[in-house]
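I have placed the structure first, in the form of structure tokens, so that the comments after it can refer back to it.
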Amino acid sequence: MNKEPILLILGPSGAGKTTLGDYLAEHHCMLHVNFDQPGDGVDIEHLRKEWNAFLDDRNPQFLADEIRRRIRAGGWKGASITCPSGIVPSSDPNAPPWFLPRKYPREMKGIGLHCVVVYGTREECLAAFLSRDRNQNETYWNDNNSWWYTASSANDFGEYMLQAFNNGHRRELREMFEEIQRRLEEPRMSK
């Protein structure tokens with residue numbers, strides 16, 4: 001992987017964003033910043049200014065700089081940032097403001113933020129979500145994830161897509177990591 005890669009992990013609920021981030025922390029010495037489930041190891045208030053600049057002002061530099069500072073201070077090899085399911089890459093000009101314009105993930109690459117969209121079909125992600133979070137129901141999932149299947153399309157995030165399932169079964173995390181690693185190494189090999 002590139003030196004100190006920062007992976008911005010997007011995807012619908014149940015796709016395995018947090019699970020992937022936890023795996024990267026445990027097995028690949030990568031800091032996991034989890035915005036998907038505040039209170040789960042990350043105090044979002046300590047990153048509120050940087051997160052707002054990233055999301056509202058479309059300025060990812062402050063977030064990248066702070067994450068790099070934390071990587072170095074902790075001796076990490078990189079970081080993953082797990083995003084809430086409501087943050088969706090989209091080319092729809094009428095999409096809500098928390099949607100990332102199609103060009104934004106490409107712009108982030110220039111400062112070392114690499115977008116990864118962990119993805120599965122509606123049925124796969126819903127089933128995984130319901131098996132994990134028994135306190136919620138399908139209506140809750142639909143309310144928080146419908147944009148992934150209505151306002152966005154594979155054209156919006158196809159080049160960043162990382163399939164989380166294979167024939168209805170969750171892929172091995174090691175295999176997903178290897179695919180991410182290959183993607184990050186491709187630009188260096190072509191130089």
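No value in this document is a laboratory result; all are computed from the given coordinates. Fair warning: this is a prediction, and the values are worked out from it, not measured in the lab. Every residue, glycine as well, gets a Cβ built from its backbone with ideal geometry; the counts of neighbours run over all protein chains shown.
Side notes on the structure shown:
- Here r is the Cβ-Cβ distance between residue 70 and residue 186 and R0 is 30 Å; the resulting FRET efficiency, rounded to 0.05, is 0.65.
- Modelled label reach - residue 56, point 7 Å along Cα→Cβ, the range 71-101 residues with backbone N closer than 17 Å: 87, 96-100
- Sparsely packed loop sites in the range 67-155 (the trypsin sites (Lys or Arg not before Pro) outside DSSP H, G, I, E and B with at most 13 other Cβ atoms within 10 Å) comprise 134.
- Under 18 Å between alpha carbons - lysine pairs in the chain that sit 8 or more apart or on different chains: 5
- Placing a pseudo-label 7 Å from each Cα along the Cα-to-Cβ vector at residue 98 and residue 127 gives an inter-label distance of 2.8 nm.
- Amide H contacts under 5 Å for residue 114, placed H, 5+ residues apart: 6, 7, 8
- Legend: ranking of residues 125, 29 from fewest to most surrounding C-beta atoms inside 10 Å; resulting order 29, 125.
- Mean residue ellipticity (222 nm) of the chain, computed from DSSP H runs ≥ 4 via -39,500 (n - 2.57), nearest 500: -13500 deg cm²/dmol
- Placing R0 at 30 angstrom, the Cβ-Cβ distance between residue 48 and residue 167 gives a FRET efficiency of 0.15 after rounding to 0.05.
- Ellipsoid semi-axes in whole angstrom, largest first, where each is sqrt(5λ) of the Cα gyration tensor of the chain: 24, 19, 18
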